[in-house]
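Some notes on the structure that comes next.
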Amino acid sequence: MLALLGFATIGIFLTLIITKRLSVITALVLVPLAMGLLAGFSPKELGEMILAGIKQVAPTGILLMFAVLYFATMLDAGLFDPIISGIIRYVKGDPLKVIVGTAILTMIVHLDGDGTATFMIVMSAFLPIYKQLKINRLILSGIVALGVGPLHLVPWSGTSARAISTLKTDATQLFNPNIPAIIAGIGWVLFVAYWFGQKERKRLGITNLDYAHQENLTEQQQQLRRPKLFWLNAVLTIGLIVTLMKGWVPTPALFIVASAVALLINYPKLPDQQKVLRAHGNNIFMVSSMIFAAGVFSGILTGSKMIDAMATSLVSLIPEQHAGWLPTLTAITSMPASLLFTPDAYYFGVVPILSQTATQFGIDPLEIGRAALLGQMTVGFPVSPLTASTFLLVGLAEVDLGDHQKFILKWAFGTTLVMTVAALLTGSIHL
């Protein structure tokens with residue numbers, strides 16, 4: 001009975017958010033609550049389950065809030081401006097250098113884990129160059145889409161935050177083992193960019209280019225820039241990333257302190273701080289509130305034992321001799337799954353079942369999370385019609401979504417395959 005109600009909870013949740021009948025936050029709260037009542041649990045019992053679930057995801061919610069604030073502050077302060085300007089000066093009028101530079105800039109900017117911000121920054125920097133040199137704009141949208149993929153595995157991205165909260169783990173355990181896979185993915189992206197660049201260089205040749213990044217900033221962006229603090233911000237950011245990877249300080253605490261320090265250093269005046277907070281407050285609230293709503297969802301499914309019952313029923317269907325393939329199959333199917341499932345549907349609906357099933361076969365459930373992150377709404381989100389940022393990408397590049405998908409989909413799947421092989425070779429996931 002519990003297994004049936006659990007699958008019904010997942011099915012109804014997926015249906016409601018895919019058909020856009022309810023918002024993700026509303027569905028995360030109301031669907032499991034209704035099913036919990038139907039299963040015979042009292043409001044008090046459900047309340048305790050909800051509270052337990054919220055406590056589990058609270059560190060992730062805090063991490064996400066302050067990580068977004070930190071990197072948004074660095075973007076506003078202009079930490080990446082010299083890098084952008086340097087890349088543009090270097091590429092000149094060579095299509096090969098322009099395309100490889102696009103990939104490099106995309107991956108640098110996407111350290112903030114925010115696809116929307118990355119698309120806006122990279123497109124604003126490179127679209128005029130592509131137009132002036134007459135480079136195929138499908139290459140622009142395609143390379144940017146590929147570039148954000150491996151870097152979207154950073155712990156503070158919305159996708160990773162979902163996986164962390166679902167598996168009730170911390171950023172270090174989920175992220176660090178995937179670093180070799182991320183490096184392999186970066187290498188693949190650079191290879192594809194070089195491949196496209198060679199073809200465009202043969203087609204167009206090398207011409208002169210006159211373009212200045214600073215002249216294309218809005219007045220508000222220029223007011224928030226702090227070029228004199230570049231080296232201080234760079235040292236602070238490098239120190240933050242090293243501390244994060246080493247695990248010296250709990251990640252939520254690290255980003256709370258870092259974001260406060262970054263705001264104070266760059267914007268000591270209160271009106272400037274408020275301007276930055278207001279500009280990014282909506283994104284911070286939407287993502288963090290979703291994480292806490294996910295705590296309600298996972299709290300009820302876990303506390304009511306629905307997850308255990310679903311996993312037990314799945315275990316009976318999987319031959320034991322093939323159980324070891326579960327993480328690998330999850331990785332291989334993760335990127336195509338982005339075309340079928342939203343990140344909320346996949347990480348809050350599918351991953352809990354897969355991870356619990358893995359546990360019953362003696363497989364580390366974290367391997368399911370690492371495998372899922374190798375494609376599902378990381379590599380896959382910039383080609384998925386289920387994410388708004390995809391439409392932003394193709395809109396800014398002035399290309400058709402269908403053309404974009406047809407052009408880059410096989411290369412995106414290649415990224416996932418390369419990262420999966422790297423993950424298998426380094427033990428992030430096992431056969």
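The values are calculated or read from the model by the stated rules, or taken from the named source; none is laboratory data. All values derive from a computational prediction rather than experimental measurement. Quick reminder, even Gly has a Cβ in these numbers, built from the backbone with ideal geometry, and neighbours come from all protein chains shown. These accessible areas exclude ligands, DNA and RNA; they are computed on the full protein's heavy atoms, side chains included. Shrake-Rupley method; radii C 1.70, N 1.55, O 1.52, S 1.80 Å.
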Looking at the structure I just gave you, is residue 14 part of a helix (DSSP H, G or I), among the aliphatic types (A, V, I, L, M) and open to solvent by 60 Å² or more (accessible area, probe 1.4 Å)? no
Mind listing just one residue for me: the one in the stretch 395-431 that is open to solvent by less than 10 Å² (accessible area, probe 1.4 Å) and hydroxyl-bearing (Ser, Thr, Tyr) and, of those, farthest from residue 338 (Cα to Cα)? 428
Considering only residues of the stretch 366-380 that are under 24 Å from residue 305 (Cα atoms) and open to solvent by less than 10 Å² (accessible area, probe 1.4 Å), which is farthest from the chain's Cα centre (by Cα)? 368
Kindly list, by first and then second residue, each pair from a residue in the stretch 405-431 that is within 11 Å of residue 332 (Cα to Cα) and of a type in the set (D, E, K, R) to a residue that is at pLDDT below 95 and open to solvent by 60 Å² or more (accessible area, probe 1.4 Å), limited to pairs with Cβ atoms under 8 Å and residues at least 6 apart or on different chains. none
Can you say whether residue 96 is surrounded by fewer than 24 Cβ atoms within 10 Å (Cβ to Cβ), hydrophobic (A, V, I, L, M, F, W, C) and within 30 Å of residue 208 (Cα to Cα), as far as the supplied structure shows? yes
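The rows are residues; the columns are (1) within 25 Å of the chain's Cα centre (by Cα); (2) modelled with pLDDT of 80 or more; (3) open to solvent by 20 Å² or more (accessible area, probe 1.4 Å).
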site: 319; (1), (2), (3): no, no, yes
site: 335; (1), (2), (3): yes, yes, no
site: 346; (1), (2), (3): yes, yes, no
site: 364; (1), (2), (3): yes, yes, yes
Quick one: how many residues across the stretch 22-46 are at pLDDT 85 or above and either out of contact with any helix residue (DSSP H, G or I) (no Cβ under 7 Å at 6 or more places or on another chain) or open to solvent by 20 Å² or more (accessible area, probe 1.4 Å) (or both)? 15
Considering only residues that are under 30 Å from residue 302 (Cβ atoms), aliphatic (A, V, I, L, M) and surrounded by 24 or more Cβ atoms within 10 Å (Cβ to Cβ), which ones fall in the stretch 145-166? 153, 161, 163, 164
Which of (1) within 21 Å of residue 65 (Cβ to Cβ); (2) of a type outside the set (A, V, I, L, M); (3) crowded, with 24+ Cβ neighbours inside 10 Å does residue 197 not meet, given it meets every other one? (1)
Screening 60, 19, 73, 102 for residues that are under 28 Å from the mean Cα position of the chain (by Cα), on the phi < 0 side of the Ramachandran plot and open to solvent by 60 Å² or more (accessible area, probe 1.4 Å) leaves only 19
How many residues does the stretch 338-371 contain that are in contact with a Gly (Cβ under 6 Å, 6 or more places away or on another chain) and on the phi > 0 side of the Ramachandran plot? 0
Do any helices (runs of 4 or more DSSP H) lying entirely in the stretch 92-180 carry at least 2 residues that are of a type in the set (Val, Ile, Thr), and which ones are they? 95-109, 115-133, 137-151, 158-167
Within the stretch 119-143, which residues are open to solvent by 10 Å² or more (accessible area, probe 1.4 Å) and either closer than 21 Å to residue 188 by Cα or in contact with a Cys (Cβ under 8 Å, 6 or more places away or on another chain) (or both)? 136, 137, 138
Return the total of residues in the stretch 11-32 being in contact (Cβ under 8 Å) with a residue 24 or more places away in the chain and either in contact with a Lys or Arg (Cβ under 7 Å, 6 or more places away or on another chain) or more than 20 Å from residue 288 (Cα to Cα) (or both). 2
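Listed here are the residues, each with its yes/no results for (1) part of a helix (DSSP H, G or I); (2) more than 13 Å from residue 73 (Cβ to Cβ); (3) free of Cβ contacts under 8 Å to residues at least 12 places away in the same chain; (4) open to solvent by less than 80 Å² (accessible area, probe 1.4 Å).
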| position | (1), (2), (3), (4) |
| --- | --- |
| 236 | yes, no, no, yes |
| 243 | yes, yes, yes, yes |
| 248 | no, yes, yes, no |
| 264 | yes, no, yes, no |
| 274 | yes, no, yes, yes |
| 279 | yes, no, no, yes |
| 282 | yes, yes, yes, no |
Considering (1) within 30 Å of residue 221 (Cβ to Cβ); (2) modelled with pLDDT of 80 or more; (3) open to solvent by 20 Å² or more (accessible area, probe 1.4 Å), say which one residue 172 fails and leave the rest. (1)
